[in-house]
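Readers should treat all values here as calculations from the given coordinates under stated rules, not as data from a laboratory. Because the structure is a prediction, the values reported are computed rather than measured. Please note: Cβ atoms are built from the backbone with ideal geometry, for glycine as well, and neighbour counts cover all protein chains shown.
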Amino acid sequence: MKHKNSNVWVGPEEVNNPENFKENSSKEFFDAPVLNDLSDEEVADSEMHQASRRDFLKYLGFGLGAATLAASCEMPVRRALPYVVQPDSIVPGVSTYYSSNFVKGGDFCPVIVKTREGRPIKIEGNPLSPYAGGGTSAKAQASVLELYDTSRLKYPGKVKDEGGIEKMSWEEIDEKIIGELAEDANIAILSNTVHSPSTRRAVEAFKEKYSNATHVQYDAVSSAAMLDAYEEAFGRRALPSHRFDEASVVVSLGADFLGTWLSPVQFAHQWAKKRKIRDPKNAEMSRVICIEPHFSLTGSNADNRVLVRPSEMGLATAMLHNEVASLLNAGGQVTVSGSFKNPKAENGIKRAAQNLVDAYRNGHATMVLAGTNNKAEHLIAIRLNQLLENYGRSLDKNQAMNLKLGSDAAMNELISDMENGRVDALIVLDEANPVFDLPDGEKFERAMNNVGLRISMTTLPNETLAKCHYSCPTHHFLESWGDVNPMDGHYGIVQPTIHPLFETREKEESILKWADALPEATGQGRPFYHFIRETWEEEVFPRQSRFAGFQRFWDHSLHNGFVDIPLENNDNGEEYGTIEVSGLGNRVSSPSSAELELSFYETVHVGNGQYANNPWLQEMPDPLLRTVYDSCLSVSLKWDGRNKITGWKGFEDGDQAELKIGEKVYDVPVTTQYGLLEGQVAMPLGYGRVVSGPAGTDVGSNIYPSMWRDNDGYIQYYATQVEVSDPKGKDISYASVQYHHTYGVADEDPNTQERINVDEQSIVDIGPGFQGALTRRTVIRNANLAELDEAVENLVKEREHHQYLNQTSLYPGFDDLYANGHHWGMTVDLSACIGCGACQVACMAENNVPVVGKNQVRRHQEMTWLRIDRYYYGDFDNPNVVYQPMMCQHCDNAPCENVCPVNATNHSSEGLNQMTYNRCIGTRYCANNCPFKVRRFNWLDYTTNDMFPANENNPFGTEVPFYADNLTRMVLNPDVTVRSRGVIEKCSFCVQRIQEGKLKAKNERRALRDGDIKTACVSACPTGALQFGDMNDKESTVTKDKESPLSYYVLEEVNVRPSVGYMMKVINKDENINKEA
């Protein structure tokens, strides 16, 4: 199944004479064969070519002409075939946009797809949709690259035992499968959560013909216990919608709602509304308290964290409930036994309860979330929300969420039926991959041998496909018609933006075909398109009253990409009464006496493994660990009270260790991490794929087999039978993008009993480091809400001092020039940035930033234009985190411009620091002189632009380098130059978007308006932390942000005058939580 070459052709030469075309394409001088011969040393030195050399010199002469021709880097002339009849919707050079929805497994996001000349090149958030307010995720941004994945399954066929697919036509495979499917056969359709009304209807149509067919849904990271708890509590197996913008206090018991839990893009959008400070004098913020065993993305953005071990989560949930019930005199206690290893945990949980009750008594909504997979713990959390009267305010049972519907019990039953030969056929939909992502995947694989007919409908190769008989690949979502119902009352349409690239077919069409239930096509469109229209006409259209005719309703929904239907029922479960919790104490997880425990967690980029083959996501650093292309074991850190901060067992970043979980042994790289208890380690899920594309195969360790099920059959995401060896040497392939991690982590000096910055104390090896050596530099500015007035006053004084120093400089400024016309700038609200990485991947997609691979990142030669620095600060044992997006600051006194010997980097009249790539000679003086270290040098030919094979980068060891394949190159943005080897590149403030915005305003005969132009990072951000605009427009958002007393510039004291401003990181911390009782 490994890709060998592309079937995409670029002209008639490649079709008519492919061997000659390949030979000519590989030559350095396409139209000068004598130069090609002379560029080969062996040929040039041979006797038979001496005359050729003389002829060459005679022909060209000694001089500039010969040198110019020999050194020319021009691409050979290639003739493209023009349109015979140009489509009306395609205007060369002008982008076309389509509203759609990103759907993959349990991930969902409303999007707008940007296409150029009929090919999708960029994903944007849909600002019309209230679901996420135009925000996106890193996964959604990277999904366009998967469309052009060379390892995609390209046709249907029979799966060969030795690997690969034996091609069949759709007619042949349909006939074969229909012949093997008896109407009374026991057929199991297996999928991840399906939240498409039309897909569910297609499955029901299939079940009508095959009466013994069943549909089993499961989620790789299960929420089954939560679903079952809500069914027991309220009679419906569905989760409530959440309103983080209504909650003044949120207590999360292991629920990573900003990272991977349920609907993080939507939740981040809501959460940010309660975190941004517009008026520092009357500042208000919500408070987030995370009770968790490892550092999650939500925990890193929380105001307070309470550290517990994973086996203690049941005890923590019960204690929180008991404390709230006691404070409210509500009665009903959960009896639990055991104690916390962390002496500060009990006090932290009591303080969390006090915060909830105080907010409730003041009339505010709160929210309690449980992220474990234990039913009893979720029932306790439900009762907590009932006691605090959150249903109908911050939680809405009336508008249920449909993003997670999987059942652990149904999956267990399916495995049992397969083992006992009670399943005749298994049909696996989409990216469902139970052989890989179940804790009992090996058991599932063995049980598959008892199933007579096994069919996979995945888009990409996976471990489950390899064990099937037939492959019936479905379209990528950008090629598909589809629909989605992520929550009650909200329906979205998925529409194709490109004709299918390969011989694939919508999975629903296959199911309907085999069930003989395809609708009769009337007019244009694929069969499933008509099926979706029927579904909407019958199920969605009658529930609204705005449109009288279906066609207008359909056109409106297609244009917007969604429709919101008013809900009729106002039931929030009040009639069910309060849950009885007294008998739940023996059903929650019990604290373990083991010395070491391990948490399994899902990452925001690779996820549960479905995104493992996406290079953009693999190259995006883990937000907290800052590592790429690997699954690392996280271990805690300890300060010796003097000058040394060491990892548990003496581990350092990049050490190798042997991890033993039960009977399974893994060799893993280790990374140290603040905010972990000693005796607590963590490992990410989703790595260790063995059947995938080149970017995802054999990357990291597959930890799924070490998970287990509790007595109720629910998958548990921690382990207590854990052993970790001492360091076993260095992992030479360990790749991290950040090596300084702190900005003022503090603890008590054992000698003086004073509170000092431990990281500054440990800067030097002999004697104490200078206090203020790090924190006095204007990089990060932070404050607690209770002390905001003092922090603002100090920041204002600091900035006044910096501005005084800058005014005394002899360096001439050009403020008078930049005051005219446009002066582009950006602001970053550190209080709203959650470090999700959506901006970083969006930048790669928009600006053709190359993928370099793990080895180049290891050598610090990554090419990202925008990085997100992560710093720990606060308490050493339990610090807070700040994320700082760092891109080119477009300084008005840019030090990079002064040192370039060829003026390749210069300043525009609109304040942009520009790069002229064909003038750059690669001295790298500019990168050395940049105080922000945001300039990147092309060490290799990452995109095969100059056709020199020796200089090409091949990050995945494929026959055709990553960006050399014509299919992969279809993702490139034609508005942005593809850079060659030996030049510097950096953030351009998306100058192509600036030009596009100005031209659009000119064509519409109007002035530019604030918001007309958004850089790729700004448009991708789910929280609105990034803003872009004209600083000369006094009414623009950017100008108002920079006038805020919370605003500052990084390294303002060095007088480079950046155009990117940052707003102080403000948290709402309860200072009494991280203390012993």
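Computed values, structure above
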| quantity | calculated |
| --- | --- |
| Rounded FRET efficiency, nearest 0.05, which uses the C-beta distance separating Asn855 from Asp667 and R0 of 30 Å | 0.95 |
| Long pairs among Lys344/Lys1065; Lys158/Lys207; Lys443/Lys513; Lys122/Lys167; Lys209/Lys507, criterion Cα-Cα beyond 20 Å | Lys344/Lys1065; Lys158/Lys207; Lys443/Lys513; Lys122/Lys167 |
| Percentage, to the nearest whole number, of Cα pairs in segment 706-793 over 16 Å apart | 75 |
| Exposure proxy ranking, count of Cβ atoms within 10 Å, fewest first, for Tyr1062, Tyr391 | Tyr391, Tyr1062 |
| At R0 = 45 Å, FRET efficiency that the Cβ-Cβ distance of Glu162 and Asn711 yields, to 0.05 | 0.60 |
| Square roots of 5 times each gyration tensor eigenvalue, C-alpha, segment 170-294, largest first, Å | 45, 16, 13 |
| Sparse-neighbour loop sites [trypsin sites (Lys or Arg not before Pro); segment 667-749; at most 13 other C-beta within 10 Å; DSSP] | Lys728 |
| ³J(HN,Hα) computed for each position of segment 270-275 - Karplus, 6.51 cos²θ - 1.76 cosθ + 1.60, integer Hz, glycine/proline x | 5, 4, 5, 5, 9, 10 |
| Burial ranking of peptide ranges 288-301, 618-631 (average Cβ count within 10 Å, highest at the top) | 288-301, 618-631 |
| Kirkwood hydrodynamic radius of the chain, Cα pairs, Å | 31.0 |
| Distance from segment 463-513 to segment 321-387 (C-alpha centre basis), Å | 43 |
| Point-to-point label distance, Glu1076-Ser809, nm (Cα→Cβ direction, 7 Å offset) | 5.1 |
| HN-Hα J in Hz across segment 659-664 - Karplus 6.51, -1.76, 1.60, θ = phi - 60°, x for Gly and Pro | 9, 10, 10, x, 9, 9 |
| Dipole moment magnitude, nearest 20 debye, the chain about Cα centre, only Lys, Arg, Asp, Glu C-beta charged | 1980 |
| Label-point separation, Asp789 to Arg543 (7 Å along Cα→Cβ), nm | 5.1 |
| FRET E, pair Glu678, Asn412, Förster distance 41 Å, beta-carbon r, rounded to 0.05 | 0.70 |
| Rough spin-label spacing in nm, given labels placed 7 Å along Cα→Cβ, for Val902 and Arg642 | 5.3 |
| Order by protection proxy (mean Cβ within 10 Å, highest first), peptides 489-498, 920-929 | 489-498, 920-929 |
| Gain in span if fully extended, Asn586 to Ala182, counting 0.36 nm per residue against the direct Cα distance | 140.8 nm |
| All lysines inside 17 Å of Lys986 as judged from Cα atoms, apart from same-chain residues fewer than 8 positions distant | Lys933 |
| Span from the segment 141-182 Cα centroid across to the segment 863-937 one, whole angstrom | 46 |
| Peptide ranges 431-437, 512-518 listed from the most packed, as the mean C-beta count within 10 angstrom indicates | 431-437, 512-518 |
| Amide N of segment 449-466 lying under 20 Å from the label point, which is placed 7 angstrom from the Cα of Glu172 along Cα→Cβ | 453-458, 466 |
| Those lysines that a straight Cα-Cα span of less than 19 Å connects to Lys854, excepting residues fewer than 8 apart in one chain | Lys730 |
| Segment Glu1004-Phe550, length gained on full extension (0.36 nm per residue, minus Cα span) | 160.2 nm |
| Hz values of 3J(HN,Hα) by residue in segment 713-721 - Karplus curve (6.51, -1.76, 1.60), Gly and Pro given as x | x, 8, 5, 10, 10, 7, 9, 10, 8 |
| MRE, 222 nm, helices only [DSSP H, n ≥ 4, -39500 (n - 2.57), over the chain, to nearest 500] | -7500 deg cm²/dmol |
| Positive-pole candidate from Ala1020, Thr366, Asn212, dipole of the chain, charges at beta carbon | Ala1020 |
| Potential extension, Leu128-Ser593 segment - 0.36 nm per residue separation minus Cα distance | 162.2 nm |
